[in-house]
Amino acid sequence: MTIKVGDRVPSVTLRYMDEGGIQTISTDELFKGKKVVLFALPGAFTPTCSAKHLPGFVQNADKLKEKGVDLIACLSVNDAFVMNAWAKDQKVDGKVMMLADGNAEFSKAVGLTMDGTGYGMGLRSARYAMVVEDGVVKALNVEAPGAFEVSSAEAVLKLL
């Protein structure tokens with residue numbers, strides 16, 4: 001079952017990398033008391049994700065914060081090492097929290113997976129963006145397969 005507006009985000013553990021190495025964070029902690037824009041994508045270093053999706057959120061981080069967003073987070077079914085390397089490559093500079101959903105636990109829990117086995121990519125996250133306030137989904141834009149229209153930073157700005 002796919003998560004929908006009004007649902008509470010499921011409780012799972014995600015990973016990210018900081019100066020101290022790999023850290024864990026529960027979704028309960030991540031979303032508690034905050035307005036969060038979480039966008040998810042099929043994979044770090046992949047064409048649309050690297051050319052459009054992540055850069056759009058990095059470039060629009062200040063505009064999103066001006067609209068009351070406390071945290072912008074990027075989620076992908078990659079490990080924390082890959083997400084950290086991608087953040088450096090994309091010059092994220094702390095504007096976006098790079099979350100690793102290495103075992104696709106979050107992606108499965110929200111029902112937003114993509115089967116990339118035909119391309120040698122295994123199970124991945126679908127491409128989407130959600131606005132979450134204090135753990136509750138307030139907006140959810142899921143892309144059609146192969147599309148990049150409703151989950152962009154610009155589309156999220158219009159939602160806010």
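The values are calculated or read from the model by the stated rules, or taken from the named source; none is laboratory data. Remember, predicted model here, so these are calculated numbers, not experimental data. Cβ sites come from the backbone with ideal geometry, for glycine too, and all protein chains shown count toward neighbours.
When each of LEU140, LEU75 is tested for being within 21 Å of GLN23 (Cβ to Cβ) and in a strand (DSSP E or B), the lone residue that passes is LEU75. Among the residues of region 30-71, those identified as at pLDDT below 95 and either hydroxyl-bearing (Ser, Thr, Tyr) or touching a Leu at 6+ places or on another chain (Cβ under 7 Å) (or both) are THR46, THR48, CYS49, SER50. Would you say SER151 is among the polar types (S, T, N, Q), buried (at least 20 other Cβ atoms within 10 Å of the Cβ) and outside any loop (DSSP other than H, G, I, E, B)? Against the criterion (among the polar types (S, T, N, Q), buried (at least 20 other Cβ atoms within 10 Å of the Cβ) and outside any loop (DSSP other than H, G, I, E, B)), SER151 does not qualify. The single condition among (1) closer than 23 Å to LYS52 by Cβ; (2) touching a residue at least 60 places away in the same chain (Cβ under 8 Å) that GLY102 does not satisfy is (1). Which of the residues spanning region 100-123 are out of contact with any helix residue (DSSP H, G or I) (no Cβ under 7 Å at 6 or more places or on another chain), assigned to a strand (DSSP E or B) and either of a type in the set (Ser, Thr, Tyr) or surrounded by 14 or more Cβ atoms within 10 Å (Cβ to Cβ) (or both)? Within region 100-123, MET114, LEU123 meet the criteria.
In the set (1) in contact (Cβ under 8 Å) with a residue 24 or more places away in the chain; (2) under 17 Å from VAL9 (Cα atoms); (3) over 13 Å from the mean Cα position of the chain (by Cα); (4) surrounded by fewer than 17 Cβ atoms within 10 Å (Cβ to Cβ), LEU159 fails one condition alone, (2). Being hydrophobic (A, V, I, L, M, F, W, C) and more than 15 Å from the chain's Cα centre (by Cα) is the filter here, so list the residues in region 104-156 that pass it. Scanning region 104-156 gives MET121, LEU123, VAL136, ALA144, ALA147. Contact annotation: residue pairs with Cβ atoms under 8 Å, 6 or more positions apart or on different chains, pairing a residue in region 9-31 that is in contact (Cβ under 8 Å) with a residue 12 or more places away in the chain with a partner that is of a type in the set (A, V, I, L, M, F, W, C) and assigned to a loop (DSSP other than H, G, I, E, B), are VAL9/ILE3; VAL9/VAL110; PRO10/ILE3; PRO10/VAL110; SER26/VAL12; THR27/VAL9; THR27/VAL12; PHE31/VAL9.
How many residues, within region 124-135, are assigned to a strand (DSSP E or B) and either surrounded by 21 or more Cβ atoms within 10 Å (Cβ to Cβ) or among the hydrophobic types (A, V, I, L, M, F, W, C) (or both)? Here the count works out to 7.
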